[in-house]
Every structure is written in C-alpha cells, then in structure tokens.
Amino acid sequence: MITRPRFAIIGAGNGGQSLAAHLTLLGFEVSLYDADKEKIDLLRELRTIKVYGAVQGGAAPACITSDIAEAVQGADILMVVVPTCFHADVARAVWPYLVGGQVIVLNPGATGGALEFRQVLRQHGCRAKVTLAETQTLIYACRSPRPGEATIFGIKNHVDVATLPAGEATRVTALLNTAFPQYRPAPNVLFTSLNNVNAMCHPAPTLFNAARIEGHCTFEYYFEGITPSVAKVVERIDAERLAIGEALGIKLTSVRDWYVVSYGVDAATIYEAIQNNKAYAGIKGPTTLNTRYIFEDVPTGLVPLALLGGALGLKTPATTAIVELANIVLGRNFWEEGRTLEKLGLAGKTPQEIQALVS
C-alpha cells in the first residue's frame, strides 16, 4: 500500500489550482498540468498558488507544466479536474504515457465519465493496466478568478468514489484518504454517474436566469438564482433521475438528501437546502450563457441521462426540455455532441448487461 502517493493534477482551472495548492500544503508531491501554455507559463512565473477561504496559504507545486508526459511521469494518482466535456480529449492525450498501477480519478465523472474514458483508451489500444475512478462531485465549492489564486468556499463532508473495475473502490479510496478523509467507496460507476448533482443544479437554473445573465446583472447564483419556482423544476428533473436509478436497481440519493449529507444542512426541500448552505455564499452567477453550466453539464449530464431513460422505456420530459432549450440558446446539438450510449459502450444493453459492464 502506497502511504504517500504522488499526484498529477490534470487541469489548472478552479478545481485544479485549488487541489494542487491544497495537496501541496498537505505535504504531497504534486505536478500540475494544463493544455493552456500561456496559463502554465504565468503559473510558472508566479511559482506560488495562493488559496483563501476554507484552506489558506501559498503553495508551490513541485512541477508546473504544459507537457502531459512530464506531468504523469512517476505519478501514482492522476486527478483529472477539467470540464467533463473534455474527458475524452484528456484520454486521447494521456494514453501513450500511462503505466501499469496508476489510478486515474475523474473529479467529477459527471454522467458516464469513467465509461467514456475506458472506451477511448480501448479504441487507442492502451495496454497499461490502470484503474479508472470517478467521483460523484468535486470535493470543493471553489473559484479561481485568475492564475495563481483560488478561493475554496467550502469542502464537502462526504464524496463518493467508484471504480472500473468496481472491486478496486476500497483500495482507491484508501489511497485518496491519505490526503482527504472525505472520500468513501461507492458500489459502482452507475451509482456515481447517476448521482450527478451538477446536472440537476446547473443547466435549468442558468437557463431560467438567461435575461439576468445577458443583462449583465451580478447575482448570487444559488441564493438568488434558484428561487422556489426554479427549485421545483430541479426537483422534477431529479425525480426523473431517481426513476432511472430504480429501473437499474440502484437506490440513488435525492438532491435534497445529498445536501444534507455533503454539507450538513437541515432542509425539507431542495430550495431550503440551497438557501441553508453557507458554502455557497459569494458564488456569483455566470456572466455569459456560453458557460460550463450549460456546455458541460448538458452534454455530459442531462443528455446521457435522458438517452438512458429512453432506452429503459422511461419518459423524461423535464430533462429533455432543458436539453432542447440549451440547444436553442447556444445554437448547438448536444444530442449529437454529448455522451451518447454508443460513446459509453451502453447502446443496446439490457439493465442486467449494463450492471455487468460496471462490475
């Protein structure tokens, strides 16, 4: 058992810089990678990432690079912290440099992240025996306003982790627990994928605040953007998600219950849970509708959810409506761009065959 794993952080955005700084402050050897060479050059010049909020201090990761081969060399755990719509791109970039025994953790996997990543590795003939893992959500509520600075508004109490194969979850969680005790093993990647809370709480509220966003109004995304009526739409989408889990024999966590477990809030509804979550204080709404709340969480969250529901004979009118609205607003076709069942290796599979694929 590795007692002091070396981490490679793939992605230097909000979560990546927060994670790299926090792990470094905890005494771990960290390499930080991003494909944006200009950002990496600036980070290398600054050398130190300053973090504020729930974690405070200045941290200098051992390696800051735009060379993915350099980043992953010698790493025990690859923490992929990029918008989930870029997971396939990361898989295509990293596969030649993987070695047996490494663990790849998608933070988070969204809906089907590990399954898509596995498909890409297989398509490219990757022979390295690595373990794929995905978290249900990012461990932080955080923002990075500029390179070299990050604010961690809150750290979740519990974060589920599942693996491919499923039997590796306990070992991988133990490795992650050397840094973060919050991680806990989940049954399989269907559990983490279908418990994708971002897909519930990001696309619909963003679209319902379209006039506010295009009018350049500054607002508290969660406290002001998710009103009682908007929360009702989130609850309807959530109900469709829970029904899909039931059809696959998986007892999922409702969004309301997730807030209770993750943040320790006391609430009877999703609206109350969000209003009572102090970790969301200060998180502003997006300044454009071309935001990851839509271009990420629709294709890697709502699209595979709706398609899986349809394959199981379930109707998902609320989920489907939000996808269609997103297509109109951004002028894109997320049904084609997103994680189709073919991209996840689930097309034409029965519930029993799907369960076997994730075991």
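Summary table
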read-out: Scan of segment 92-120 for residues that are among the hydrophobic types (A, V, I, L, M, F, W, C) and either farther than 16 Å from Tyr33 by Cα or in contact with a Leu (Cβ under 6 Å, 6 or more places away or on another chain) (or both), ordered by number; value: Trp95, Val99, Val103, Ile104, Ala110, Ala114, Leu115, Phe117, Val120
read-out: Ser262 vs. criteria out of contact with any Gly (no Cβ under 9 Å at 6 or more places or on another chain), of a type in the set (S, T, N, Q) and surrounded by 22 or more Cβ atoms within 10 Å (Cβ to Cβ); value: yes
read-out: Residue in segment 115-147 that is nearest to Glu342 (Cα to Cα), counting only those that are small (Gly, Ala, Ser) and crowded, with 19+ Cβ neighbours inside 10 Å; value: Ala133
read-out: Residues of segment 285-308 classified as assigned to a loop (DSSP other than H, G, I, E, B) and within 15 Å of Asn209 (Cβ to Cβ), total; value: 8
read-out: Answer from Asp36, Asp76 - the residue that is under 18 Å from Trp95 (Cβ atoms) and either open to solvent by 30 Å² or more (accessible area, probe 1.4 Å) or touching an Asp or Glu at 6+ places or on another chain (Cβ under 9 Å) (or both); value: Asp76
read-out: Count - residues of segment 162-191 that are buried (at least 16 other Cβ atoms within 10 Å of the Cβ), in contact with a Pro (Cβ under 9 Å, 6 or more places away or on another chain), among the β-branched types (Val, Ile, Thr) and part of a helix (DSSP H, G or I); value: 2
read-out: Filter result for the condition that a residue is open to solvent by 10 Å² or more (accessible area, probe 1.4 Å) and not in a loop (DSSP other than H, G, I, E, B), over Arg332, Arg256; value: Arg256
read-out: Qualifying residues in segment 97-114 (those that are touching a helix residue (DSSP H, G or I) at 6+ places or on another chain (Cβ under 8 Å) and surrounded by fewer than 23 Cβ atoms within 10 Å (Cβ to Cβ)) - the one nearest to Leu190 (Cα to Cα); value: Val103
read-out: Test result for Val323, open to solvent by less than 20 Å² (accessible area, probe 1.4 Å), under 27 Å from Ala169 (Cα atoms) and not acidic (Asp, Glu); value: no
read-out: Candidates Gly58, Gly16, filtered to the one that is modelled with pLDDT of 95 or more, of a type in the set (Gly, Ala, Ser), in contact with a Leu (Cβ under 9 Å, 6 or more places away or on another chain) and open to solvent by 40 Å² or more (accessible area, probe 1.4 Å); value: Gly58
read-out: One residue from Arg212, Arg236 being part of a helix (DSSP H, G or I), modelled with pLDDT of 95 or more, open to solvent by 20 Å² or more (accessible area, probe 1.4 Å) and within 30 Å of Thr350 (Cα to Cα); value: Arg236
read-out: Unique match (being out of contact with any strand residue (DSSP E or B) (no Cβ under 8 Å at 6 or more places or on another chain) and outside any strand (DSSP E or B)) among Pro96, Pro61; value: Pro96
read-out: Per-region count, segment 215-233, residues open to solvent by less than 20 Å² (accessible area, probe 1.4 Å), farther than 22 Å from Leu138 by Cα and not in a helix (DSSP H, G or I); value: 1
read-out: Test result for Ala279, small (Gly, Ala, Ser), open to solvent by less than 50 Å² (accessible area, probe 1.4 Å) and modelled with pLDDT of 95 or more; value: no
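The values are calculated or read from the model by the stated rules, or taken from the named source; none is laboratory data. All of these numbers come straight from a predicted model, not from anything done at the bench. All Cβ positions, even for glycine, are placed from backbone atoms using ideal geometry, and neighbour counts span all protein chains on display. Surface accessibility is based on the protein's heavy atoms, side chains included, excluding ligands, DNA and RNA. Shrake-Rupley method; radii C 1.70, N 1.55, O 1.52, S 1.80 Å.
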